[in-house]
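Everything on this sheet refers to the single structure shown next.
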Amino acid sequence: MKDKKNTFKIAIDGPGGAGKSTLAKALAKKLGFAYVDTGAIYRTVGFAARARGIAPDDAPAVSAMLKDIKVEARFEGGRQDMYLDGEFLGDRIREHEISHYASAVSAIPAVREYLFDMQRSIADENNVIMDGRDIGTVILPDAQLKIFLTATAEERAERRTRELEEKGQPADYVQILADIKERDERDSSRAIAPLKAADDAILFNNSGYTPEQSLAEALQIVKDRLGIPEV
């Protein structure tokens with residue numbers, strides 16, 4: 001286990017569909033860091049709620065469910081796999097409906113408390129890149145580098161539509177755009193850990209960027225701010 005004082009922590013926050021996960025994964029690979037997908041962790045709780053027929057905004061029911069489930073993030077070969085009660089979930093947590101569940105359950109204080117120590121422990125033991133909506137403001141306020149990644153709602157909807165189509169899943173651009181705007185409003189206005197940029201975050205709008213261009217820009221930011229070379 002690494003000494004807590006010697007670990008590097010990079011936080012990437014931003015709205016849904018901005019490409020946080022894609023960028024964080026690629027950046028972690030280049031730097032030799034562990035990539036922590038907090039969205040997948042919340043999606044796992046949302047998946048558990050849906051599987052039990054619990055409405056994601058039913059705070060008492062979701063809170064009561066937590067004592068009966070076990071959420072695990074396992075890391076192997078630079079990949080984070082999510083398990084619920086010992087069962088590997090794979091891409092099942094990536095279904096479009098689960099996005100709504102993840103956003104709703106993440107606004108429940110008991111859920112955030114349930115996952116808080118888990119996320120910090122991972123960061124204390126490894127050099128990490130962690131992405132989400134409150135990493136730099138709540139989970140890792142001591143991160144040496146914080147990036148707030150965003151893009152226009154329209155571009156994010158186009159990206160999500162293409163992603164679903166490539167997976168052979170239903171993709172309605174108009175509905176996806178409406179869902180993204182609704183989620184942005186919900187995430188930024190919620191009382192618990194609202195989506196916002198940390199005061200010391202670097203703002204990065206990647207509208208019009210390819211994933212490769214976003215990665216190149218992020219690598220330059222890391223080099224300039226932390227002096228860490230890619231591996």
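The values are calculated or read from the model by the stated rules, or taken from the named source; none is laboratory data. Quantities reported herein were computed from a predicted structural model and do not represent experimental measurements. Using ideal geometry, Cβ is built from the backbone for each residue, glycine included, and neighbour counts are taken over all protein chains shown.
Tabulated results
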{"quantity": "Meets criteria (over 17 Å from the mean Cα position of the chain (by Cα), over 17 Å from Ser21 (Cα atoms) and polar (S, T, N, Q)) for Gln220", "calculated": "yes"}
{"quantity": "Tally, over segment 120-139, of residues that are in contact (Cβ under 8 Å) with a residue 12 or more places away in the chain, surrounded by fewer than 23 Cβ atoms within 10 Å (Cβ to Cβ) and more than 23 Å from Ser188 (Cα to Cα)", "calculated": "5"}
{"quantity": "Within segment 22-36, considering residues that are closer than 20 Å to Ser121 by Cα, small (Gly, Ala, Ser) and part of a helix (DSSP H, G or I), the one nearest to the chain's Cα centre (by Cα)", "calculated": "Ala24"}
{"quantity": "Residues being in contact with a Ser or Thr (Cβ under 9 Å, 6 or more places away or on another chain) and closer than 14 Å to Ser21 by Cβ - total across segment 77-97", "calculated": "2"}
{"quantity": "One residue from Gly39, Gly46 being touching a strand residue (DSSP E or B) at 6+ places or on another chain (Cβ under 7 Å), closer than 21 Å to His100 by Cα, of a type outside the set (A, V, I, L, M, F, W, C) and assigned to a helix (DSSP H, G or I)", "calculated": "Gly39"}
{"quantity": "Qualifying residue in segment 98-118 (condition: in a strand (DSSP E or B), touching a residue at least 24 places away in the same chain (Cβ under 8 Å) and small (Gly, Ala, Ser))", "calculated": "no"}
{"quantity": "Residue selected from segment 52-94 under the condition assigned to a loop (DSSP other than H, G, I, E, B) and among the basic types (Lys, Arg), by the criterion nearest to Val111 (Cα to Cα)", "calculated": "Lys70"}
{"quantity": "Residues of segment 82-119 satisfying the condition of being among the charged types (D, E, K, R) and either surrounded by 14 or more Cβ atoms within 10 Å (Cβ to Cβ) or at pLDDT 95 or above (or both)", "calculated": "Asp85, Glu87, Arg92, Arg94, Glu95, Arg112"}
{"quantity": "Members of segment 150-187 found to be free of Cβ contacts under 8 Å to residues at least 24 places away in the same chain and closer than 30 Å to Glu113 by Cβ, listed by number", "calculated": "Glu182, Glu185"}
{"quantity": "Members of segment 186-218 found to be in a helix (DSSP H, G or I), among the hydrophobic types (A, V, I, L, M, F, W, C) and more than 16 Å from Ala11 (Cβ to Cβ), listed by number", "calculated": "Leu215, Ala216"}
{"quantity": "Residue list for segment 7-21, restricted to those being within 21 Å of Gln213 (Cα to Cα) and either small (Gly, Ala, Ser) or outside any strand (DSSP E or B) (or both)", "calculated": "Ala11, Gly14, Pro15, Gly16, Gly17, Ala18, Gly19, Lys20, Ser21"}
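Here is a yes/no grid of residues against (1) in contact with a Cys (Cβ under 8 Å, 6 or more places away or on another chain); (2) of a type in the set (Val, Ile, Thr); (3) within 30 Å of Asp224 (Cβ to Cβ); (4) surrounded by 15 or more Cβ atoms within 10 Å (Cβ to Cβ):
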position	(1), (2), (3), (4)
Ile12	no, yes, yes, yes
Ala24	no, no, yes, yes
Val45	no, yes, no, yes
Ala48	no, no, no, yes
Asp57	no, no, no, yes
Arg74	no, no, no, no
